[in-house]
Amino acid sequence: MSAYQDMVYSTTARLLGDDAQAQDIAQDVFLKAFEHFEQLRASATIGGWLKTVATNLSLNHLTRHRRRWRLFSDLQRSGDADSDDEPELDFAVPDTVLDGIAAEERHRTVENALRRLPEHQRVPLVLYHFEELSYQDIAQRLHVSLAKVKTDILRGRVSLARMLVRAAPSDTRSEAAQS
Amino acid sequence: MTLSPQEQARLERLIGTACRELPLLEAPQSLAARVTAQLQRRAAQPAWRAPFSQWSKGLRITFLPVALIVMGVTLSMSAGPGAQRLTTLALAPLSRALARLESTGALIALLATLCRHLGISLLQDIPTFWLYGCVAGLLALYALLAGISATAFRTLYGTR
């Protein structure tokens, strides 16, 4: 378990954006693994199996949560200025923005930024960049249109880029402002 | 500035790089302990409380014929000569309960009549305007509750 717990926890934490929920789901993943212990013991793909189960259980959890709060989510969505229009970037992101930030700081910034993204942007973004699913697969998994997946991921990227530029040293920021 | 396809591709590369280089998050130390505790709790439970899929193979194989035999015996007894005696035995507590229910039902009917008379006299005495006011008040309270719940949701879960 110790060999895989960080991988499972990272998957659930990034998808759910909440430590307590991520721990609960990671626990369920390992309990499921113990239920299938005989099959998995000899399997060479145990890491892949755990990652798939972690992803599926996290998505199921989010779906249940969304159903429970559907009325209020709908109220909130109608209040948001969240149209399907393409997002706008009111600044340029220099290619060197990542180089300007120390590695540890950069990791912390990206992790924090991911957690701050709204669920409908974070989940497809994580599935695309971390789980390496295609846009089409993500749309099928989340039961939304392909266009919405693309827009949400793009919005998520724009938000992340904005936070990275903010975390960058001032000379990189001024470069972004000038260009 | 709306993003051109080239800008979008550049942004995808940039965020892809930032995400790929992220190290795995360190799982809390309590995770392993929680899993172990949960497994011990499960192990302490009697076998029959576990889901059928987790029963041992022998138990699963034994269970099905035993269940079929029990069903067969029950059905044959209910159709055979012992059926009437069984029915009497089984229905005795039911008829006692029904008798008790009848007396309880009479008491409930009496209470309902009293409430109805009380309700009718109250309705006749209360001005209609007050009744409409009460209904409007209840609707307003319901709307307020929905508003408070929506605000609580937006505050607590809005950013998730």
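The values are calculated or read from the model by the stated rules, or taken from the named source; none is laboratory data. Please read these numbers as outputs of a predicted model, since none were measured by experiment. Ideal geometry is used to build each Cβ from the backbone, glycine not excepted, and the neighbour counts take in all protein chains shown. When the accessible area is computed, the model is the full protein with side chains, heavy atoms only, and any ligands, DNA or RNA have been set aside. Shrake-Rupley method; radii C 1.70, N 1.55, O 1.52, S 1.80 Å.
Among the numbered conditions (1) touching a Ser or Thr at 6+ places or on another chain (Cβ under 9 Å); (2) open to solvent by 60 Å² or more (accessible area, probe 1.4 Å), the only one that B:Ala18 does not meet is (2).
Summed over region A:105-127, the residues that are at the interface with chain B (Cβ under 7 Å from one of its Cβ atoms) and either under 17 Å from A:His61 (Cβ atoms) or in contact with a Ser or Thr (Cβ under 9 Å, 6 or more places away or on another chain) (or both) give a count of 3.
Let's see how each residue does on (1) under 30 Å from A:Ser159 (Cβ atoms); (2) open to solvent by less than 100 Å² (accessible area, probe 1.4 Å):
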| residue | (1), (2) |
| --- | --- |
| B:Glu102 | no, no |
| B:Leu107 | no, no |
| B:Leu110 | no, no |
| B:Arg116 | no, no |
| B:Leu131 | no, yes |
| B:Gly137 | no, yes |
| B:Leu141 | no, no |
| B:Leu145 | no, no |
| B:Thr155 | yes, no |
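Take region A:153-175 and flag every residue that is in a helix (DSSP H, G or I), modelled with pLDDT under 85 and surrounded by fewer than 21 Cβ atoms within 10 Å (Cβ to Cβ).
Here is the first cut: in region A:153-175, the ones in a helix (DSSP H, G or I) are A:153-167, A:170-175.
Checking which are modelled with pLDDT under 85 leaves us with A:163-167, A:170-175.
Once the filter is applied, which keeps residues that are in a helix (DSSP H, G or I), modelled with pLDDT under 85 and surrounded by fewer than 21 Cβ atoms within 10 Å (Cβ to Cβ), region A:153-175 yields A:Met163, A:Val165, A:Arg166, A:Ala167, A:Ser170, A:Asp171, A:Thr172, A:Arg173, A:Ser174, A:Glu175.
Cβ-Cβ contacts under 8 Å between residues 6 or more apart (or on different chains), taken from a first residue in region A:106-132 that is buried (at least 18 other Cβ atoms within 10 Å of the Cβ) to a second residue that is part of a helix (DSSP H, G or I) and among the aromatic types (Phe, Trp, Tyr), are listed as A:Tyr128/A:Tyr135. For region A:46-67, the condition of being hydrophobic (A, V, I, L, M, F, W, C), outside any helix (DSSP H, G or I) and either within 16 Å of the chain's Cα centre (by Cα) or modelled with pLDDT under 85 (or both) holds for none of the residues. Restricting to region A:1-15, name every residue that is part of a helix (DSSP H, G or I) and more than 8 Å from chain B (Cβ to nearest Cβ). Of everything in region A:1-15, those that are part of a helix (DSSP H, G or I) and more than 8 Å from chain B (Cβ to nearest Cβ) turn out to be A:Thr11, A:Thr12, A:Leu15.
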